[in-house]
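Below is one structure, written out as structure tokens; comments come after it.
The values are calculated or read from the model by the stated rules, or taken from the named source; none is laboratory data. Owing to the predicted nature of the structure, the values given are computational and were not obtained by experimental measurement. Heads up, the Cβs are rebuilt from the backbone with ideal geometry, glycines too, and the neighbour counts pull from every protein chain shown. We work out accessible area using only protein heavy atoms, side chains counted, and drop any ligands, DNA or RNA first. Shrake-Rupley method; radii C 1.70, N 1.55, O 1.52, S 1.80 Å.
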Amino acid sequence: MFGKLAADALGLSNVGIVVKPADYDKVDADDYIMHEDNEKIYFLIKSKSDEYCFTNLGLVHLDGTSATSKKRMLRRYSYQTHPISDVYLETAGTVDLDVEIKFTMGNEHYSIDVNKKHLEELKDLYKALVKIASIMHDNELALQHAKESLHVAQSTLGRVTGQQADVASQFKSINQYTFDWLEDIRYKYVVKDFGKVFEKYIHN
């Protein structure tokens, strides 16, 4: 694990650094990755008090109350339930020592300061998050349209079959078809694993 001496040696402060893949097994966040479910770390930012670990399944955030406290709060936000939006990258000015990546996951707003020497790596993360946000937005629209289409179809079918006698049999058949159809579009438009996106854009 990265202890205080290691953090000092690396020059860690409240401004984060990008951890190389070879060192993923040395950070605390790795202990909470669901390796059993094929979860994989693709990008990791570490400061003295926090770790921001981007995996194929979500964001694992180890939140320290301060750089000197040993207390940590573990938060996990899956892409499935916490859509990404409002992704921004703020580059450094002439005298600035850090750059900043900002994004929203569900109702959580993140603004992470990173040493400006890691700008090139951060550009990769920015691209990956922008792409994920775009996919999520498009899939949400497609899911809404699919549900609206189903509602129209159900209403039309109800008017056509409403006078027939075997109502119970019709209800059972329509209900099963609706369930199967909704499961199919959920599988198609609700993405849990964004490993392919990270593999395309992350080059660290």
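Before moving on, here are some points about what is shown:
- Lone qualifier among Glu36, Glu100, Glu90, Glu108 - being without any contact (Cβ under 8 Å) to a residue 24 or more places away in the chain and more than 20 Å from Asp124 (Cβ to Cβ): Glu36
- Counting the residues of the stretch 87-120 that are assigned to a helix (DSSP H, G or I) and open to solvent by less than 30 Å² (accessible area, probe 1.4 Å) gives 1.
- Residue satisfying condition, being under 26 Å from Tyr32 (Cβ atoms) and either at pLDDT 95 or above or open to solvent by 60 Å² or more (accessible area, probe 1.4 Å) (or both), within set Leu141, Leu74: Leu74
- Within the stretch 47-61, being assigned to a strand (DSSP E or B) and at pLDDT 95 or above holds for Glu51, Tyr52, Cys53, Phe54, Thr55, Gly58, Leu59, Val60, His61.
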